[in-house]
Amino acid sequence: MTRVKLGVLISGRGSNLQALMIAAQAVDCPYAVGLVIANRPAAEGLALAQAANIPAITIDHRSYGEDRESHERHILAALEAADVQLVALAGYMRVLTPFLVEAWSGRMTNIHPSLLPAFPGLDTHRRALEAGVSEHGCTVHLVSPQVDQGEILGQARVPVLPHDDPQSLAARVLVEEHKLYPKCLSELTKILAN
Ligand code: GRF
């Protein structure tokens, strides 16, 4: 089986990256993580990739000042040089410009910690608690030029419990993120192959 080469963009901890790398160890996983790019040299996920012998590089956005497109041109060049076919944003904390989004249209995904369209943007767990919702969760979606608005590929739900705080709710959602993202990427990989 030829596996689709996945590029993963991160900014920090990298637990979703780790979940994708673990899932890719299965013999029947249709993708392999081929490159990890961080926009911050301190991103903890870089070490996780290196420990798994996956090429991991930093393309530091601070080197490009206000020129977001120039930063993204370098990201695109690195993805292309590594023959990446599908890109997963996994805790990548920068809003992309249309340049990179359009270059990967239909082939770039994101995981967001809410049941979109509810709670796009940041601080989703606190906002969900303040809104008094009984259910919360996470969403995997295609990346579109409008932040957190691309086609939804899958969602996972968790109950909001009476004594939840943002941390306890985030932890319960994260467990689901780690199952949902590999599942959605496997499905998308198979769809793109047909
Ligand atoms: C996750 O909650 C993800 O949904 C959001 O950012 C967080 C990244 O966590 N986009 P990690 O770096 O994958 O651990």
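The values are calculated or read from the model by the stated rules, or taken from the named source; none is laboratory data. Remember, it's a predicted structure, so these values are computed and weren't measured experimentally. Here Cβ is always computed from backbone atoms with ideal geometry, including for glycine, and neighbour counts include all displayed protein chains.
Restricting attention to segment 129-139, the residues being more than 13 Å from the ligand (Cβ to nearest atom) and in contact with a helix residue (DSSP H, G or I) (Cβ under 8 Å, 6 or more places away or on another chain) number 1. The residue list PRO113, PRO55, PRO41, PRO120 contains one member that is touching an Asp or Glu at 6+ places or on another chain (Cβ under 8 Å) and over 21 Å from SER144 (Cα atoms), which is PRO41.
I need the full set of residues from segment 92-104 which are hydrophobic (A, V, I, L, M, F, W, C) and within 14 Å of the ligand (Cβ to nearest atom), in order please. MET93, VAL95, LEU96, listed by residue number.
Considering (1) within 16 Å of the ligand (Cβ to nearest atom); (2) within 14 Å of the chain's Cα centre (by Cα); (3) not small (Gly, Ala, Ser), the lone condition that ARG107 does not fulfil carries the number (1).
Within the option set LEU180, LEU142, LEU116, LEU188, being away from the ligand (no atom under 16 Å from the Cβ), at pLDDT 95 or above, buried (at least 18 other Cβ atoms within 10 Å of the Cβ) and closer than 26 Å to TYR31 by Cα holds for one residue only, LEU188.
Say whether the condition of being out of contact with any strand residue (DSSP E or B) (no Cβ under 9 Å at 6 or more places or on another chain), farther than 22 Å from GLU177 by Cα and either away from the ligand (no atom under 14 Å from the Cβ) or modelled with pLDDT of 95 or more (or both) is met by at least one residue in segment 3-23. Checked against the condition, which is being out of contact with any strand residue (DSSP E or B) (no Cβ under 9 Å at 6 or more places or on another chain), farther than 22 Å from GLU177 by Cα and either away from the ligand (no atom under 14 Å from the Cβ) or modelled with pLDDT of 95 or more (or both), segment 3-23 yields no hits at all. Evaluating ILE59 against the criteria (1) surrounded by 18 or more Cβ atoms within 10 Å (Cβ to Cβ); (2) within 18 Å of the chain's Cα centre (by Cα); (3) within 16 Å of the ligand (Cβ to nearest atom) leaves one unmet condition, (3).
Tallying residues that are closer than 26 Å to ASP60 by Cβ and not in a strand (DSSP E or B) within segment 1-41 yields 14.
State which residue is surrounded by the most Cβ atoms within 10 Å (Cβ to Cβ) when the search covers only segment 145-169 and only residues that are touching a residue at least 40 places away in the same chain (Cβ under 8 Å) and under 30 Å from TRP104 (Cβ atoms). The qualifying residue surrounded by the most Cβ atoms within 10 Å (Cβ to Cβ) is GLY150. Of everything in segment 62-91 that is within 16 Å of the ligand (Cβ to nearest atom) and assigned to a loop (DSSP other than H, G, I, E, B), the residue that is nearest to the chain's Cα centre (by Cα) is ALA90.
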